[in-house]
1. Using a 7 Å offset from the Cα along the Cα-to-Cβ direction at both MET528 and ALA277, what is the distance between the two label points in nm, to one decimal?
2. On the Cα set of region 293-368, report Rg and Dmax in Å, please.
3. Alpha carbons only, please: Rg and Dmax for region 244-302, in angstrom.
4. For the pairs LYS276/LYS309; LYS418/LYS470; LYS188/LYS270; LYS91/LYS338; LYS91/LYS205; LYS188/LYS210, note any where the Cα-Cα span goes beyond 28 Å.
5. How long are the semi-axes of the ellipsoid equivalent to region 174-285, from square roots of 5 times the Cα gyration tensor eigenvalues, in whole Å, largest first?
6. Take the alpha carbon atoms of region 444-513, find their center, do the same for region 351-403, and report the distance between the two centers in whole angstrom.
7. Determine the sum of side-chain charges near SER175: Lys and Arg each +1, Asp and Glu each -1, restricted to other residues whose C-beta is under 11 angstrom from that of SER175.
8. Taking all protein chains in place and a 1.4 Å probe, what share, in percent, of the accessible surface of region 414-489 do carbon and sulfur account for?
Amino acid sequence: MYSKAIKIAAAAALACGWGLSMGSAQAADSIKLVAIGPMTGPTAFQGEVIRNGAQLAIDAANAAGGIHGKRIELIVLDDQNDKTLAADRAKQAVDSGALAVLGHRSSSATIAGGKIYKEQKMPAVTGSAAAPEVTAGNPWYFRLLSDTSAQAEILGSYANAILDAKSASLIVEDSDYGTSLADAFKAKADAFGISIESEYHYPEKIDALKAHFAANPVPVAKVGREHLIILAAPEATARLVLPMLRDGGDRSTILAGQSVGKETFNHHFKDLPQEKAQRGFYSDGVIATTAGLNDTAGADARRFLTAYKDKFGQDGDATAMAYYDSAMLVIEGLTEIKATGTNIAEERSHLRDYLEQRKSAETAFMGAGGRIYFDGNHSAIQSIPIGRFVDGTFIAAPYQLEQIRNPDKVPEFDAEVKAGHIVKMNGTYLSKVQVVYAGMDVIDISDVNMRAGTYKADMFLWFRHQGDLKAAEIDFVNAATQINLGAPIWQRKRGETTTTTYRVKGVFKADFDYKDYPFDHQVLPISMRHRSRPTSTFILAVDRLGLSVSDRNYDNVVMSRMGRVFGS
């Protein structure tokens, strides 16, 4: 991508303090940002996510007038997830006249680039590098996700409190990401009551993996789901290890970090014969921390996912959203400091100070993925959702764990502990949040009264859940008159999961939008909540699997349409 002459010029600039760009006071035609990641090579799919997420944000900002009338330009640099190349590209980013960096993708590359940004005082934001060393001691790097230490904490808590695991085996990539996740889990394994039975390590370099795996096969244990594996590996190599396990007959439950916990991870297996024969053959049984879940996503996140799909023709995921939010945060910061792109050093410093000030919920930036603010180590302070793959689809796990920072402020705390909604783990209290999947099959919509803002709906409504639901306490928020679910018309229990279906008829309220009349499309909402369970212990999620899912591991639900069961 870059000529030898450009590399020599960059090296000369380093020797004299990067005077080519840092002291420039010339009028800039645009304000530049840099996106760095693996744009070519075997992990190019990861760089594509960085570029696309950032570009979507920049296009939206430019359409709204840019930064005080100046167009934003995205410079894309390729580091191939290589530490040496990452350092070289970081130097080019500093010399480019850009005001901030978005990237790098892997922790190893990010740490290498971060040394340059710290030395040359250039702000950078990563949405994917989770090793603590990325931001530790580096006042110029910020991270829009939790680090591996926090991820290991929630994985260990989940293994103990939800899965009741007593032992685990580790499969570890020897990289900054893999070793930091594995070491953090091992450090607290005793506190979680989990013994580490074995460890398997493999090198970071993808071009060295084939020979390594041939000489040292990944250990396979045909022991079923009672066997727990901690896969401490980024997406780039986790996608290679998982087929070795599953093709070898290992159906173990696997816990992994946020690099695996995303909607698009199962796409890696779509061309493999076993996956074609049985969707989810490789990923089912994988439980992972994640930066975001599509089935519990808020309105802003859903808008992002729709815009991403419309623009790029492919599904977005939590990492794409993190880089979109990274770019939006930087753009707002540059707007706030009235950046012009003319005094590079000063504007980079002001932008860093702006990011530093985002350190509380009161000063948080509202991104598509939620509130963004940073702890003292420049990692985003956020809850860490847990997802699981079911038939190749990544959905919210049936229970989430949320740390309770102020137990004395929780209403009826002792009663919640006794009921099992709050658990004590490793010296802290965790709220055990029940996730209930809700779906509907509409039979009829009638009597749409746009003047009164009402309509009638007749539908099948189902809930899939583990634990007690108390469906009688489900409240239809926008019902014109109270609706009581009454007795279910169908119910089935498979293992720990219960699926219950109701016939619902009622009049509902809607806010009709006439701005596109007569070519308007109206959204008819059905809103629900639980009367006695707060959102801190209860979440209603959209059932993206529906009743047509063949969830062999948890639900074993097999049917094509509701009418096949209820039609008569």
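The values are calculated or read from the model by the stated rules, or taken from the named source; none is laboratory data. Since we're looking at a predicted model, the values are computed, not measured. Cβ atoms come from the backbone with ideal geometry, glycine included; neighbour counts cover every protein chain shown. Surface accessibility is based on the protein's heavy atoms, side chains included, excluding ligands, DNA and RNA. Shrake-Rupley method; radii C 1.70, N 1.55, O 1.52, S 1.80 Å.
1. Placing both labels 7 Å beyond Cα along the Cβ direction yields 3.7 nm.
2. Expressed in Å, the Cα Rg and Dmax of region 293-368 come to 14.9, 44.
3. 13.1, 42
4. Violating the 28 Å limit, Cα to Cα: LYS188/LYS270; LYS188/LYS210.
5. Ellipsoid semi-axes (Å, largest first): 22, 17, 14.
6. So the two Cα centres are separated by 31 Å.
7. Once all neighbours under 11 Å are counted, the net charge is -2.
8. 50 percent
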